[in-house]
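This report concerns only the one structure given below.
Where a number appears in this text, it was derived from the coordinates with a stated rule and is not lab data. Only a predicted model underlies this, so the values are computations on that prediction, with no experimental measurement involved. Every residue, glycine among them, receives a Cβ derived from its backbone with ideal geometry; neighbour counts consider all protein chains shown.
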Amino acid sequence: MADDLGDEWWENQPTGADSSPEASDGEGGGETEVMQQETVPVPVPSEETRQPKECFLIQPKERKENTTKTRKRRKKKITDVLAKSEPKPGLPEDLQKLMKDYYSSRRSVIELEELNLPDSCFLKANDLTHSLSSYLKEICPKWVKLRKNHSEKKSVLMLIVCGSATRALELIRSMTAFRGDSKVIKLFAKHIKVQEQVKLLEKRVVHLGVGTPGRIKELVKQGGFNLNPLKFLVFDWNWRDQKLRRMMDIPEIRKEVFELLEMGVLSLCKSESLKLGLF
């Protein structure tokens, strides 16, 4: 009886590795390990991988801001300097100094001395209270008589040099009270060809010329404009454009002015047949 029960008991027990408590514990432990492997090693971005990205995003912003600030400061600084500079009447010394500074690196000491002009060749400077007509009347009170005696073509008695065509038109309009019946010619490049101006100078007697140094210089080169009969040469010295620059503050125009002076103006001044004015 005992043997039969023992046999039945052993037959009813589960067989194989799953039947032992150790195996059951091992399987349970195995399931725990699998779950840990699936849940624990989730890739989390470390601080080391995030730091370079943060630094990379911050640096360009700082550079852009610095660049923008620097540009704004430069523009503001130039504007401030020009705005704070008080208008001062042009003096003969100003023209002489500009010429020396321009030619100092290109000419010898002797050649620089040849550029010096006597004070007697300069007219009274504008004290910033004159209109163009009132200034011209002051420096040339006998204009009516002078223009009546002028009969040479391809020349003018008075030449006014300015920085642009727009400014030349303004000056022509503002000198109406002075010019009277005088013939005026526009000597600038905008919308007017050189040959057209040469033909106008050849056809009739002209008393007044208003224009830019570049075009006047070109007319002299081509033989269409004679400087010898010239009695007065007036520079539009004190006027400032929208950027607060005077005519002689612009390098290109300053260069053309000096080249024009060397094309015969300086020699006429030294011979005292020509007077210079700074308006």
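Work out, step by step, the length gained on full extension between Lys148 and Ser273: first 0.36 nm times the residue separation, then minus their alpha carbon distance; give nm to one decimal.
Working: separation 125, 0.36 × 125 = 45.00 nm, distance 1.82 nm.
Full extension from Lys148 to Ser273 adds 43.2 nm.
Considering the convex hull of the alpha carbon atoms of the stretch 189-240, report its projected area averaged over all viewing directions, in nm², one decimal.
Values: hull surface 17.2 nm².
One quarter of the hull surface, i.e. the mean projection, equals 4.3 nm².
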Two-site FRET efficiency, Glu196 against Thr166, from Cβ-Cβ distance with R₀ of 22 Å, rounded to 0.05:
0.70
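Gain in length, Asn228 to Thr176, computed as 0.36 nm per residue apart minus the alpha-carbon separation, to one decimal in nm? Please report the intermediate quantities before stating the final value.
Numbers: separation 52, 0.36 × 52 = 18.72 nm, distance 2.54 nm.
Length difference between fully extended and current span is 16.2 nm.
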Whole-Hz Karplus ³J(HN,Hα) for the stretch 271-277, in order, using 6.51 cos²θ - 1.76 cosθ + 1.60 and θ = phi - 60°, x for Gly and Pro?
7, 6, 8, 10, 10, 9, x
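Can you work out the FRET efficiency for the pair Leu128 and Glu93, with r the C-beta to C-beta distance and R0 = 25 Å, to the nearest 0.05? Don't skip to the end; give the middle numbers.
Details: r = 17 Å, r/R0 = 0.67.
In this case the efficiency is close to 0.90.
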The stretch 88-278: Kirkwood hydrodynamic radius (Cα pairs, Å) comes out at 17.0
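About its Cα centre, what dipole magnitude does the stretch 88-278 give when the only charges are +1 on Lys and Arg Cβ and -1 on Asp and Glu Cβ, stated in debye to the nearest 20?
Working: 35 positive and 23 negative charges, 170 e Å.
Dipole size: approximately 820 debye.
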Note down the nm distance, to one decimal, between modelled labels 7 Å out along Cα→Cβ at Tyr102 and at Glu138.
2.5
In whole Hz, with x marking every Gly and Pro, tabulate ³J(HN,Hα) for the stretch 198-203 from phi via Karplus 6.51 cos²θ - 1.76 cosθ + 1.60, θ = phi - 60°.
4, 5, 5, 5, 6, 6
